[in-house]
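Written below as C-alpha coordinates is the structure these notes are about.
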Amino acid sequence: MTYCVSDIHGNYEGYIKLLEKINLSEEDTLYVLGDVVDRGTGGIKILQDMMMHYNIIPIIGNHEYMAINCLKFLNQEITEESIAKLNEGVIQGLLEWQNVGGQATIDEFHKLNPEEKEDIIEYLEEFSSYEEVSVNGKDYILVHAGLSNFSPERPLEGYHISEMIFETPDYDRVYFQDKHLVTGHLPTRCIEGNEGQDKIYKANNHIAIDCGCACIDEGSRLGCICLDTGEEFYV
(Lines give C-alpha, C1' and ligand atoms only; values in the text may rest on other atoms or scores of the structure.)
Protein backbone atom coordinates (compact mmCIF):
# COMPACT_ATOMS: atom_id res chain seq x y z
CA MET A 1 0.00 0.00 0.00
CA THR A 2 1.07 3.59 -0.63
CA TYR A 3 0.27 6.21 2.00
CA CYS A 4 0.71 9.99 2.21
CA VAL A 5 0.87 12.21 5.29
CA SER A 6 1.98 15.80 5.75
CA ASP A 7 2.61 18.56 8.30
CA ILE A 8 3.26 16.43 11.38
CA HIS A 9 4.96 19.45 13.03
CA GLY A 10 6.69 17.71 15.89
CA ASN A 11 3.71 15.66 17.04
CA TYR A 12 5.65 12.49 17.81
CA GLU A 13 2.79 10.81 19.67
CA GLY A 14 0.42 11.42 16.75
CA TYR A 15 3.03 10.16 14.28
CA ILE A 16 3.49 6.89 16.16
CA LYS A 17 -0.27 6.43 16.53
CA LEU A 18 -0.68 6.95 12.80
CA LEU A 19 1.95 4.32 11.97
CA GLU A 20 0.05 1.92 14.21
CA LYS A 21 -3.30 2.87 12.70
CA ILE A 22 -2.22 2.19 9.12
CA ASN A 23 -0.23 -0.83 10.31
CA LEU A 24 2.74 0.18 8.16
CA SER A 25 4.56 -2.93 6.97
CA GLU A 26 7.82 -3.42 5.12
CA GLU A 27 5.83 -3.91 1.91
CA ASP A 28 4.13 -0.52 2.28
CA THR A 29 5.46 2.94 1.41
CA LEU A 30 4.72 6.10 3.37
CA TYR A 31 5.43 9.47 1.76
CA VAL A 32 5.83 12.35 4.20
CA LEU A 33 5.09 15.61 2.39
CA GLY A 34 7.17 17.97 4.50
CA ASP A 35 6.93 20.02 7.69
CA VAL A 36 7.91 17.21 9.99
CA VAL A 37 9.60 19.68 12.34
CA ASP A 38 8.81 22.88 14.30
CA ARG A 39 6.02 24.01 16.61
CA GLY A 40 5.70 20.66 18.37
CA THR A 41 8.51 19.32 20.55
CA GLY A 42 9.16 15.97 18.86
CA GLY A 43 10.28 16.87 15.33
CA ILE A 44 13.85 15.60 15.73
CA LYS A 45 12.56 12.41 17.33
CA ILE A 46 10.25 11.85 14.36
CA LEU A 47 13.14 12.40 11.93
CA GLN A 48 15.25 9.86 13.80
CA ASP A 49 12.46 7.31 13.50
CA MET A 50 11.92 8.05 9.81
CA MET A 51 15.63 7.50 9.20
CA MET A 52 15.25 3.94 10.42
CA HIS A 53 12.60 3.09 7.79
CA TYR A 54 13.71 2.62 4.19
CA ASN A 55 10.05 2.72 3.13
CA ILE A 56 9.31 6.16 4.61
CA ILE A 57 10.10 8.68 1.87
CA PRO A 58 10.60 12.33 2.93
CA ILE A 59 9.69 15.33 0.78
CA ILE A 60 10.92 18.74 1.86
CA GLY A 61 8.60 21.37 3.31
CA ASN A 62 9.25 25.02 4.00
CA HIS A 63 10.09 24.28 7.63
CA GLU A 64 12.84 21.80 6.71
CA TYR A 65 14.08 24.23 4.07
CA MET A 66 14.43 26.95 6.70
CA ALA A 67 15.91 24.53 9.23
CA ILE A 68 18.78 23.17 7.16
CA ASN A 69 20.97 26.27 6.91
CA CYS A 70 20.15 27.35 10.45
CA LEU A 71 21.07 23.98 11.93
CA LYS A 72 24.27 23.91 9.91
CA PHE A 73 25.24 27.25 11.38
CA LEU A 74 24.25 26.30 14.93
CA ASN A 75 26.28 23.10 14.60
CA GLN A 76 29.50 24.96 13.86
CA GLU A 77 32.26 25.26 16.42
CA ILE A 78 32.34 28.79 17.77
CA THR A 79 35.49 30.36 16.34
CA GLU A 80 36.50 33.80 15.10
CA GLU A 81 35.79 32.57 11.58
CA SER A 82 32.26 31.34 12.40
CA ILE A 83 31.48 34.55 14.26
CA ALA A 84 32.66 36.53 11.23
CA LYS A 85 30.12 34.63 9.13
CA LEU A 86 27.32 35.72 11.45
CA ASN A 87 26.00 38.32 9.03
CA GLU A 88 22.62 39.98 8.82
CA GLY A 89 21.29 37.29 6.46
CA VAL A 90 22.10 34.47 8.88
CA ILE A 91 20.57 36.33 11.82
CA GLN A 92 17.46 37.15 9.78
CA GLY A 93 17.11 33.52 8.75
CA LEU A 94 17.30 32.37 12.36
CA LEU A 95 14.75 34.93 13.49
CA GLU A 96 12.33 34.06 10.69
CA TRP A 97 12.64 30.38 11.49
CA GLN A 98 12.06 30.98 15.19
CA ASN A 99 9.00 33.06 14.40
CA VAL A 100 7.34 30.10 12.66
CA GLY A 101 8.06 27.60 15.41
CA GLY A 102 11.72 26.75 14.87
CA GLN A 103 12.72 27.22 18.52
CA ALA A 104 11.19 23.87 19.47
CA THR A 105 13.45 22.16 16.91
CA ILE A 106 16.52 24.15 18.01
CA ASP A 107 15.96 23.12 21.64
CA GLU A 108 15.63 19.47 20.65
CA PHE A 109 18.64 19.64 18.33
CA HIS A 110 20.89 21.04 21.08
CA LYS A 111 20.24 17.92 23.19
CA LEU A 112 21.77 15.63 20.57
CA ASN A 113 25.36 14.43 20.57
CA PRO A 114 27.66 15.58 17.72
CA GLU A 115 27.14 12.43 15.64
CA GLU A 116 23.36 12.63 15.96
CA LYS A 117 23.42 16.29 14.90
CA GLU A 118 25.39 15.44 11.76
CA ASP A 119 23.00 12.58 10.99
CA ILE A 120 19.98 14.91 11.20
CA ILE A 121 21.54 17.53 8.93
CA GLU A 122 22.60 14.91 6.37
CA TYR A 123 19.13 13.35 6.43
CA LEU A 124 17.40 16.70 5.88
CA GLU A 125 19.65 17.32 2.88
CA GLU A 126 18.42 14.06 1.35
CA PHE A 127 14.77 15.19 1.25
CA SER A 128 13.42 15.32 -2.31
CA SER A 129 11.52 18.35 -3.61
CA TYR A 130 8.76 16.19 -5.10
CA GLU A 131 7.88 12.61 -5.98
CA GLU A 132 5.88 11.08 -8.83
CA VAL A 133 4.09 7.80 -8.16
CA SER A 134 1.66 5.57 -10.03
CA VAL A 135 -0.84 3.49 -8.08
CA ASN A 136 -3.48 1.26 -9.67
CA GLY A 137 -3.12 3.01 -13.00
CA LYS A 138 -3.46 6.51 -11.55
CA ASP A 139 -0.59 9.02 -11.53
CA TYR A 140 0.16 11.32 -8.61
CA ILE A 141 2.52 14.24 -8.03
CA LEU A 142 3.46 14.60 -4.37
CA VAL A 143 4.75 18.00 -3.28
CA HIS A 144 4.64 19.97 -0.05
CA ALA A 145 2.76 23.11 -1.06
CA GLY A 146 2.10 23.43 -4.76
CA LEU A 147 3.56 24.51 -8.07
CA SER A 148 4.11 28.27 -8.26
CA ASN A 149 4.28 29.89 -11.70
CA PHE A 150 2.58 26.80 -13.05
CA SER A 151 2.49 25.87 -16.70
CA PRO A 152 1.32 22.47 -17.98
CA GLU A 153 4.26 22.46 -20.40
CA ARG A 154 6.81 23.09 -17.65
CA PRO A 155 8.65 19.93 -16.50
CA LEU A 156 8.66 19.30 -12.75
CA GLU A 157 12.45 19.33 -12.65
CA GLY A 158 12.26 22.89 -14.00
CA TYR A 159 10.70 24.23 -10.79
CA HIS A 160 12.93 25.77 -8.15
CA ILE A 161 12.46 24.19 -4.74
CA SER A 162 11.07 27.48 -3.39
CA GLU A 163 8.24 27.21 -5.94
CA MET A 164 7.15 23.94 -4.37
CA ILE A 165 7.19 24.73 -0.66
CA PHE A 166 5.76 28.18 0.00
CA GLU A 167 2.72 28.91 -2.16
CA THR A 168 -0.53 26.93 -1.97
CA PRO A 169 -2.17 25.85 -5.22
CA ASP A 170 -5.46 27.10 -6.62
CA TYR A 171 -7.80 24.31 -5.58
CA ASP A 172 -10.43 25.48 -8.08
CA ARG A 173 -8.04 24.84 -10.95
CA VAL A 174 -7.29 21.51 -12.60
CA TYR A 175 -3.51 21.56 -13.03
CA PHE A 176 -3.23 18.18 -14.75
CA GLN A 177 -6.03 16.37 -16.53
CA ASP A 178 -4.30 13.02 -16.13
CA LYS A 179 -2.60 13.39 -12.73
CA HIS A 180 -3.58 14.14 -9.15
CA LEU A 181 -1.65 16.77 -7.18
CA VAL A 182 -1.21 15.74 -3.54
CA THR A 183 -0.21 18.57 -1.20
CA GLY A 184 0.05 19.67 2.41
CA HIS A 185 1.12 23.08 3.76
CA LEU A 186 -2.30 24.74 4.05
CA PRO A 187 -4.63 23.31 6.70
CA THR A 188 -7.65 22.01 4.83
CA ARG A 189 -9.95 23.94 7.18
CA CYS A 190 -8.77 27.04 5.30
CA ILE A 191 -9.79 25.79 1.84
CA GLU A 192 -12.99 27.35 0.60
CA GLY A 193 -15.48 24.60 0.04
CA ASN A 194 -14.18 22.38 2.82
CA GLU A 195 -16.56 23.98 5.32
CA GLY A 196 -13.85 24.59 7.90
CA GLN A 197 -13.38 20.92 8.60
CA ASP A 198 -10.10 19.21 9.40
CA LYS A 199 -10.49 16.47 6.84
CA ILE A 200 -8.73 15.51 3.62
CA TYR A 201 -9.97 17.64 0.72
CA LYS A 202 -10.46 16.21 -2.77
CA ALA A 203 -11.50 18.30 -5.78
CA ASN A 204 -10.32 19.14 -9.30
CA ASN A 205 -7.57 16.49 -9.24
CA HIS A 206 -6.26 17.88 -5.93
CA ILE A 207 -5.82 15.90 -2.74
CA ALA A 208 -4.96 18.18 0.21
CA ILE A 209 -3.89 16.32 3.33
CA ASP A 210 -2.80 18.89 5.97
CA CYS A 211 -5.59 18.39 8.50
CA GLY A 212 -4.39 21.01 10.97
CA CYS A 213 -2.19 18.90 13.24
CA ALA A 214 -0.18 22.03 14.13
CA CYS A 215 -3.26 24.09 15.01
CA ILE A 216 -3.53 22.41 18.43
CA ASP A 217 -7.23 22.92 19.00
CA GLU A 218 -10.26 20.70 19.36
CA GLY A 219 -10.66 19.88 15.66
CA SER A 220 -7.04 19.59 14.60
CA ARG A 221 -5.70 16.18 13.64
CA LEU A 222 -3.18 14.31 11.57
CA GLY A 223 -4.56 13.01 8.29
CA CYS A 224 -3.26 10.26 6.02
CA ILE A 225 -4.56 8.81 2.76
CA CYS A 226 -3.99 5.43 1.15
CA LEU A 227 -3.60 5.99 -2.59
CA ASP A 228 -4.46 2.38 -3.37
CA THR A 229 -7.90 2.45 -1.78
CA GLY A 230 -8.68 6.12 -1.13
CA GLU A 231 -9.18 5.26 2.53
CA GLU A 232 -8.56 8.13 4.94
CA PHE A 233 -6.98 7.76 8.38
CA TYR A 234 -7.07 10.31 11.18
CA VAL A 235 -5.35 10.67 14.55
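The values are calculated or read from the model by the stated rules, or taken from the named source; none is laboratory data. Here the structure is a predicted model, which means the values were calculated and not measured. As a convention, Cβ positions derive from the backbone with ideal geometry for all residues, glycine included, and neighbour counts pool all protein chains shown.
Take the residues in segment 175-193 that are under 13 Å from ALA203 (Cβ atoms) and surrounded by 15 or more Cβ atoms within 10 Å (Cβ to Cβ); name whichever of them is farthest from the chain's Cα centre (by Cα).
Step by step, filter segment 175-193, then rank; the result is TYR175.
Output the number of residues of segment 137-174 satisfying the condition of being acidic (Asp, Glu), closer than 16 Å to THR188 by Cα and surrounded by 12 or more Cβ atoms within 10 Å (Cβ to Cβ).
2
What is the residue count in segment 1-20 for residues that are farther than 17 Å from ILE59 by Cβ and among the hydrophobic types (A, V, I, L, M, F, W, C)?
Final tally of qualifying residues: 3.
Sort out for me the helices (runs of 4 or more DSSP H) sitting completely within segment 73-180 that have 1 or more residues that are modelled with pLDDT of 95 or more. Show your work before the answer.
On the way: elements: 80-84, 88-99, 102-110, 114-125.
Qualifying helices (runs of 4 or more DSSP H): 102-110, 114-125.
I'd like the residue in segment 221-235 that is assigned to a loop (DSSP other than H, G, I, E, B) and buried (at least 19 other Cβ atoms within 10 Å of the Cβ) and, out of all such residues, is nearest to the chain's Cα centre (by Cα).
LEU222
If I go through segment 201-230 residue by residue, how many of them are more than 12 Å from ASP7 (Cβ to Cβ) and touching a helix residue (DSSP H, G or I) at 6+ places or on another chain (Cβ under 9 Å)?
The qualifying residues number 3.
Name the single residue, out of those in segment 96-133 being surrounded by 12 or more Cβ atoms within 10 Å (Cβ to Cβ) and among the charged types (D, E, K, R), that is nearest to the chain's Cα centre (by Cα).
The extreme case among them is GLU131.
Do you know which residues across segment 134-163 are of a type outside the set (Val, Ile, Thr), in contact (Cβ under 8 Å) with a residue 60 or more places away in the chain and at negative phi? Give the derivation first.
Of all residues in segment 134-163, those of a type outside the set (Val, Ile, Thr) come to 134, 136-140, 142, 144-160, 162-163.
Next, only the ones that are in contact (Cβ under 8 Å) with a residue 60 or more places away in the chain stay: 136, 138, 140, 142, 144-145, 162.
Listed by number, the residues that qualify are LYS138, TYR140, LEU142, HIS144, ALA145, SER162.
For segment 185-193, does any single residue satisfy the condition of being under 21 Å from ASP139 (Cβ atoms), among the polar types (S, T, N, Q) and out of contact with any helix residue (DSSP H, G or I) (no Cβ under 8 Å at 6 or more places or on another chain)?
Within segment 185-193, not a single residue is under 21 Å from ASP139 (Cβ atoms), among the polar types (S, T, N, Q) and out of contact with any helix residue (DSSP H, G or I) (no Cβ under 8 Å at 6 or more places or on another chain).
Only one residue in ASN87, ASN62, ASN99, ASN23 is under 29 Å from HIS206 (Cα atoms) and without any contact (Cβ under 8 Å) to a residue 12 or more places away in the chain. Which one?
Result: ASN23 is the single residue among ASN87, ASN62, ASN99, ASN23 that is under 29 Å from HIS206 (Cα atoms) and without any contact (Cβ under 8 Å) to a residue 12 or more places away in the chain.
Somewhere in segment 22-33, is a residue small (Gly, Ala, Ser), at pLDDT 95 or above and surrounded by 15 or more Cβ atoms within 10 Å (Cβ to Cβ)?
No.
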